[in-house]
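FYI, it's all coordinate maths here, none of it is from the lab. Fair warning: this is a prediction, and the values are worked out from it, not measured in the lab. Here the Cβ positions follow ideal geometry from the backbone for every residue, glycine too, while neighbour counts run over all protein chains shown.
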Amino acid sequence: MADTAIQEPKVAAPKEPLFGKKERKLITDPLNDNNPITVQVLGICSALAVTSLVYPSVVISVAVVFVCAFSSLFTSLMRNAIPKQVRMIVQLVIIATLVTVVELTLRRFNYPIYKELSVYIGLIITNCIVMGRLEAFSMANKPWRSFLDGIGNGLGYGAILIIVAFIRELFGKGTLFAGSPIQINIIGASNPTTNYLINTAAESGIGTWFSWYANNNLMVLPAAAMFIIGILIWIHRSWNPKLVDIS
Amino acid sequence: MEFFNIFIKAAFIENMVLAYFLGMCSYLAVSKSVTTAFGLGLAVIFVLGITLPINWVISEMILSENGWLGMDLTFLRFILFIAVIASMVQLVEMIVEKVSPALYNSLGIFLPLITVNCAILGGSLFMVAREYNFGESVAYGLGSGFGWFLAILAIAAIREKIRYSNVPPALRGLGMAFILTGLMGIAFMSLMGIDPAALAAGN
């Protein structure tokens, strides 16, 4: 069993193009028609709580793409060697190992953001989208395609996360990328020392145009993320009516 | 009385679903009927109430530097926690299958999926992050499980009613569930005013 699992990709690889139409579809499909959040309804857990700011959301998205892609790859490599009864445990161990790698890397290279994300890094393990793709795709497909599928789903997930975070941070705090080296203060008069575009051009510039705006505290609450996702689903389904759920 | 404080705080003020978005997948997928939601909620209370103390023992006695092994093994935390949770869920699955086959059939795939219910692992990780002691971790487990149970029961009841309303087609089902959850979150925020310490003192 174990031998076939390792040899199979070598035999199959030359026959298929590395980036054919099917492969491209694996990446683009989760961004629209088969989006993990708005269509498959997987992975809403955990990471959405970090969407009040853009920067942590970007970090989490990158982590999810990494974990999703490599867990798909490793599961797919081992798929013929995993007994059916214990496959869940094997998948969880693969995911947990990758998440530990992410956690330790982040702790070493960016401690403030590690502190801010705290338990949400660990919760990538139980992000249903990772496990869902392993069950639905990697257990039945070749490594390279599983890897692409993992990247695609991670990106589809990250896209929604960043859209939500963008709206919440812009209207809730008047900034973008707060906490990162490229923080931009765009709108809002609540904090007069920082409500200008970047830190330059304090006197004139776009920043002053919007200084009348008072920050909307609703956007900082968790409930706002729910409303935004609900509305995103609404827009997505109106635009793509075949996704409408009849029940 | 501090255990009571933690219970109330975990159930209402820092509700797993409404304040931290944990366990959203099964919360959205299983909330179509009240009876199923009730069964899943009870299972979650049970699993949270059992895994938190076990994970506390593992994290304090085995993985911690001051534990029995005397080594800092905290990097193994994720793997051990998830293993404990997976085995407890397996246990619950066997019990439910024996006691109530009807509930077992209606929960279907979602029973094993409690393993990847973020609320369970999240409970354990929050417990570590907040440095609870053993008694507090039991109270926190039961409290957050109860909060999850309340949230799923409420949304299931609302969704059963809203089926008769005239919702725009594109918003039907999932979209509406999100907006309802947001509204419930705002409603639960009014409970922030509760001071558990004053409640315990009987004022």
Subject >> In region A:100-145, the residues that are more than 16 Å from B:Val128 (Cβ to Cβ) and in contact with a Phe, Trp or Tyr (Cβ under 6 Å, 6 or more places away or on another chain) >> reply: A:Leu106, A:Ile129
**OP:** State which residue is farthest from B:Leu76 (Cα to Cα) when the search covers only region A:89-148 and only residues that are among the hydroxyl-bearing types (Ser, Thr, Tyr) and surrounded by fewer than 16 Cβ atoms within 10 Å (Cβ to Cβ).
**Re:** A:Tyr111
**OP:** Answer yes if at least one residue in region A:102-111 is closer than 20 Å to B:Val89 by Cβ, out of contact with any Pro (no Cβ under 6 Å at 6 or more places or on another chain) and not aromatic (Phe, Trp, Tyr), and no otherwise.
**Re:** no
Original post:
Residues in region B:107-124: is at least one small (Gly, Ala, Ser), out of contact with any Phe, Trp or Tyr (no Cβ under 9 Å at 6 or more places or on another chain), outside any helix (DSSP H, G or I) and more than 9 Å from chain A (Cβ to nearest Cβ)?
Top reply: no
Original post:
Which one of these does A:Tyr55 not meet: (1) within 19 Å of the chain's Cα centre (by Cα); (2) away from chain B (no Cβ under 14 Å); (3) farther than 23 Å from A:Arg24 by Cβ; (4) surrounded by 22 or more Cβ atoms within 10 Å (Cβ to Cβ)?
Top reply: (4)
Original post:
What tally of residues in region B:17-40 results from selecting those that are assigned to a helix (DSSP H, G or I) and either surrounded by fewer than 22 Cβ atoms within 10 Å (Cβ to Cβ) or within 10 Å of chain A (Cβ to nearest Cβ) (or both)?
Top reply: 15
Original post:
Restricting attention to region A:71-117, which residues are of a type in the set (Lys, Arg) and either in contact (Cβ under 8 Å) with a residue 24 or more places away in the chain or more than 14 Å from chain B (Cβ to nearest Cβ) (or both)?
Top reply: A:Arg79, A:Arg87
Original post:
Which residues, taken from region A:109-119, are within 22 Å of B:Glu131 (Cα to Cα) and either over 19 Å from the mean Cα position of the chain (by Cα) or part of a helix (DSSP H, G or I) (or both)?
Top reply: A:Tyr111, A:Pro112, A:Ile113, A:Tyr114, A:Lys115, A:Glu116, A:Leu117, A:Val119
Original post:
So which pairs qualify, if the first residue must be in region B:68-80 and more than 8 Å from chain A (Cβ to nearest Cβ), the second must be surrounded by fewer than 12 Cβ atoms within 10 Å (Cβ to Cβ), the Cβ gap must be under 6 Å, and the two must be at least 6 apart or on different chains?
Top reply: B:Asp72/B:Glu65
